[in-house]
1. Given a Förster distance of 30 angstrom, what is the FRET efficiency for residue 373 paired with residue 310, based on the Cβ-Cβ distance and rounded to 0.05?
2. Mind sorting 421, 346, 335 by how few other Cβ atoms lie within 10 Å of their own Cβ, fewest first?
3. Using a Förster distance of 56 angstrom, determine the FRET efficiency expected from the C-beta separation of residue 336 and residue 52, and round it to 0.05.
4. How big is the chain by the Kirkwood estimate over distinct Cα pairs, in Å?
5. Grab the Cα-Cα distance for residue 8 and residue 409, subtract it from 0.36 nm times how many residues apart they are, and report the gain in nm with one decimal.
6. With a/c under 1.5 counting as rounded, go ahead and sort the stretch 119-269 into rounded, prolate or oblate using the C-alpha gyration tensor (a ≥ b ≥ c being the square roots of the eigenvalues; past the cut-off, prolate if a/b is larger than b/c, else oblate).
7. Contour minus end-to-end for residue 60 and residue 246, with contour as 0.36 nm per residue of separation and end-to-end as the Cα-Cα distance?
8. Within the stretch 43-82, whose backbone N sits under 14 Å from a point 7 Å along Cα→Cβ of residue 424?
Ligand code: NAD
């Protein structure tokens, strides 16, 4: 029997991890700053405190989540007691991206350990300082045979993918997600794919414009726009678009003052390649705010583009940076036409004081998750599943959903021997009417 099956052992491992991440919190924050000048506040808010909360929640609930769940039996099986056992898959591979490089390794790792798996994590090579501290935490806390961290780039990931796993959990781009899915298919390995997309953010004419601008500016420019659930582009009602752009400008200036390059609260683009990609997206666009850049520091200021052509590069790909295009709409048909140009997004946001309108939007479009009158914050509730749909991902996690993701749900019927109803056994002659009635009334 694998040592990971013992719930007490799993809980002890998580408690040890809790101690270690608390001990290294400052080092993690420093590593995130060294990697791309991630502001300390954002590191605490979206990385270290998030992980502490997820760990505490999992430690508190592990016994409840792990124990076999008794369900009502079918009368057809009378007499029986029926259970769902939560079985660990076995060997789990977790591959993470660079944009939340600590949290996106540890959050699935915590759930995979809680569910009783052996785990190998592969942090992103683009955030080497964070990768190093993750490797240190893991080697100090776990036996290699239980949890291991393998650092490295694309070739290392490819070598890992060539091995046989019982579950693969991948967070990253759609392109690499397809590579992972193909590799997993070789061994029929189940996968969770946490991917990206082009997230629309609708601002209706009756929205609270000032508050909407404040919440959008926060969600968009957090992590310098390098957030998978950041609003990608705004769809503003044409009657309020001009006014709304003014509100956006004012909120950006309040948050990051006149020169965001000097602000300690604004992160950098991860590397020169992505910086170049983003700066190129600005070519031939109408920049109404920002657009300042500095190659030597991979800096790009919060930038607003007015009315980009829907066929232009900025409206083709996921932006993943501090560029906010504002597109106007007039009718619901316009929204339908524009949003459905793209694959199903990871998030959708709608700002409106009209609850019926907001509900209609939520129901009419398919997307991973989202908010009415806010951005990004659905991520913070561990009682909500987090994941994409269609090209933005397969599967979901956080809290009990993460425990379920890393567990095979094994149904078992425990049959009583004191009674053995005869109707299902051969010879069947003369029993058809009886079985029809039994199935009708008791299934
Ligand atoms: P990426 O897909 O380039 O890299 C992710 C991981 O895959 C890295 O560990 C990398 O080593 C590996 N990798 C890269 N190329 C590979 C290849 N050819 N073969 C095998 N492995 C390879 O993603 P990224 O640039 O690190 O992250 C940005 C993307 O991640 C964005 O699209 C964003 O939307 C998405 N993302 C999604 C979520 C989510 O929760 N859904 C969260 C964060 C980021």
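1. So the FRET efficiency works out to roughly 0.70.
2. Sorted ascending by nearby Cβ count, the order is 421, 335, 346.
3. Details: r = 42 Å, r/R0 = 0.75.
For residue 336 and residue 52, the calculated efficiency is 0.85.
4. Across the chain, the inverse of the average 1/r is 23.9 Å.
5. Full extension of this stretch gives 142.3 nm more.
6. Here the stretch 119-269 falls in the prolate category.
7. Taking residue 60 through residue 246 to full extension adds about 62.3 nm, to one decimal.
8. 73-82
Read the figures in this text as sums done on the coordinates, not as results from a lab. If you're wondering where the values come from, they're calculated on a predicted model, not measured in any experiment. Don't worry about glycine lacking a Cβ; one is built from the backbone with ideal geometry, like all the others, and counts go over all protein chains shown.
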